[in-house]
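Data block below; observations after.
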Amino acid sequence: MSRLEGRVVVAGGAGFLGSHLCARLIDRGNEVVALDNLITGSLRNLEELVGHPGFTFQHQDVSNHVYVPGEIAAVMNLASPASPKDFTEIPIPILKVGALGTHNLLGLAKDKGARFFQASTSEVYGDPLVHPQPESYWGHVNPIGPRGVYDEAKRFGEAMVMAYHRHHGVDVRIVRIFNTYGPRMRPDDGRVVSNLLVQALAGKPLTIYGEGEQTRSFCYVDDEVEGFLRLLDSDYVGPVNIGNPNEFTVRELADLVLEVTGSTSELVFEPLPTDDPARRRPDIALARSVLGWEPQVQLREGLERTAEHFAKVAGLGQEGDRR
Ligand code: UDP
């Protein structure tokens with residue numbers, strides 16, 4: 001494993017994961033060009049990097065032709081809205097960025113002789129019939145349901161990446177990302193960790209979809225990004241699952257959120273969204289063996305750090321706000 005040096009393009013660089021990735025790349029000495037159309041990303045996520053000599057930002061929708069002047073060592077594709085709320089609100093931009101965006105960025109990588117890194121997802125497994133999910137599982141996805149816009153775009157993305165690898169010889173890596181949380185998630189993102197933390201801090205009821213018996217396995221953002229960099233620097237094409245294998249029901253998560261925030265909010269039960277996966281947990285044997293990677297941050301600690309972030313940005317959890 002040798003560290004990739006040089007200039008890295010991060011598509012989706014102003015997003016939750018993209019901005020953490022940009023910061024880590026700059027820290028270790030890479031130059032970074034962040035691309036983002038700011039549809040769900042925010043320049044606030046990049047505040048600490050703006051003005052750094054190794055960092056530039058290009059306001060760009062990668063679903064259209066992508067032009068980046070100069071030499072590039074790697075193109076990392078993290079461009080896509082990724083919350084189920086986005087799947088119903090902006091389905092067509094999601095399909096476009098997963099398909100056309102991935103194609104354009106692969107074209108850029110091919111042109112520059114750069115390594116290509118694709119952020120794929122546990123959603124390629126759909127509502128899985130195999131548990132936990134190994135990379136060898138082909139998945140159980142409803143192509144015409146509301147989640148299909150993201151799942152199928154990401155599945156197409158993987159196919160496109162492998163076609164560029166096989167047909168054009170582009171050096172590629174594919175990561176499958178499982179539920180990830182941490183500072184810089186949007187407070188109104190719609191995902192379970194941000195919703196429950198923000199609700200608890202504001203003294204509002206915690207929304208549980210269905211009975212809350214469905215499971216997810218939550219990975220803290222620093223662990224996730226460490227996994228990305230290890231895969232980027234490796235010579236393993238993938239796909240590789242990067243996620244935390246500790247599995248929780250949504251109700252267990254809600255209990256922990258109440259404990260961590262000291263909130264006395266009640267739980268309210270709302271309908272389960274269509275095609276909501278019943279369980280999800282990564283098999284990370286491959287990441288352990290080829291990357292020597294496993295997560296370090298436990299859920300309680302990660303939730304504490306994330307709650308601090310929401311308390312700051314949303315002005316929540318101060319005296320008087322809690323019931
Ligand atoms: N969920 C919930 N309450 C919320 C938001 C989500 O109970 O306020 C549930 C959702 O139905 C799903 C799980 O939490 O079963 C994780 O949802 P999320 O949107 O975070 O991501 P997903 O893993 O479904 O892509």
Self-check item: Degrees between helix 221-233 axis and first principal axis of the chain (Cα, 0 to 90, nearest 10)
Solution: 20 degrees
Practice problem: With a ≥ b ≥ c taken as the square roots of the eigenvalues of the C-alpha gyration tensor of the chain, please select rounded if a/c is under 1.5 and otherwise prolate if a/b is larger than b/c or oblate if it is not? | Solution: prolate
Quiz item: Which of these, 168, 103, 20, has the largest mean-square fluctuation under a Gaussian network model of the chain (Cα springs below 10 Å)?
Solution: 168
Quiz prompt | Lys/Arg +1, Asp/Glu -1 at C-beta; the stretch 1-125 dipole; positive extreme among 118, 45, 90 | solution = 118
Self-check item: Where labels lie 7 Å past Cα in the beta-carbon direction, separation of residue 48 and residue 67 in nm
Solution: 3.4 nm
Quiz item: To the nearest 10 degrees, how steep is helix 299-313 against the longest Cα principal axis of the chain, on a 0 to 90 scale?
Solution: 90 degrees
Quiz item: Between residue 1 and residue 138, what is the FRET efficiency for a Förster distance of 30 Å, r being their Cβ-Cβ separation, to the nearest 0.05?
Solution: 0.55
Quiz item: Based on the Cβ-Cβ distance of residue 256 and residue 168, what FRET efficiency does E = 1/(1 + (r/R0)^6) give at R0 = 45 Å, to the nearest 0.05?
Solution: 0.45
Quiz item: Using alpha carbons only, how many degrees (0 to 90, rounded to 10) separate the axis of helix 250-261 from the longest principal axis of the chain?
Solution: 80 degrees
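Residue 38 to residue 129: FRET efficiency via 1/(1 + (r/R0)^6), r the Cβ-Cβ distance, R0 30 Å, to the nearest 0.05?
Details: r = 38 Å, r/R0 = 1.26.
E(calc), rounded to 0.05, equals 0.20.
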Practice problem: Could you tell me the number of lysine pairs in the chain with C-alpha atoms less than 22 Å from each other, where the two lysines are 8 or more residues apart or belong to different chains? | Solution: 7
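Run the numbers for residue 24 and residue 296: contour at 0.36 nm per residue of separation, minus the present Cα-Cα distance, in nm. Could you put the intermediate results ahead of the total?
Working: separation 272, 0.36 × 272 = 97.92 nm, distance 1.67 nm.
In short, 96.3 nm is gained.
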Exercise. Pick out which of 86, 36, 188 has the largest mean-square fluctuation in a Gaussian network model of the chain, springs linking Cα atoms closer than 10 Å.
Key: 188
Practice problem: Over the chain, give the accessible area per residue in Å² for a 1.4 Å probe, as an integer. | Solution: 43 Å²
Self-check item: Pairwise label distance in nanometres, residue 246 with residue 204, each label 7 Å out on the Cα-Cβ vector
Solution: 2.8 nm
Exercise. Quick one: pull the percent of accessible area on the chain belonging to carbon and sulfur, 1.4 Å probe, ligands and nucleic acids left out.
Key: 50 percent
Quiz item: What is the stretch 4-70 by shape, rounded, prolate or oblate, if you read a ≥ b ≥ c off the alpha carbon gyration tensor as root eigenvalues and call it rounded for a/c under 1.5, prolate for a/b larger than b/c, and oblate otherwise?
Solution: oblate
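The values are calculated or read from the model by the stated rules, or taken from the named source; none is laboratory data. Since this is a predicted model, take the numbers as computed values, not measurements. Neighbour counts are summed over all protein chains in view; Cβ atoms, including those assigned to glycine, are modelled from backbone coordinates with ideal geometry. SASA here: full protein model, heavy atoms, side chains in, ligands and nucleic acids out. Shrake-Rupley method; radii C 1.70, N 1.55, O 1.52, S 1.80 Å.
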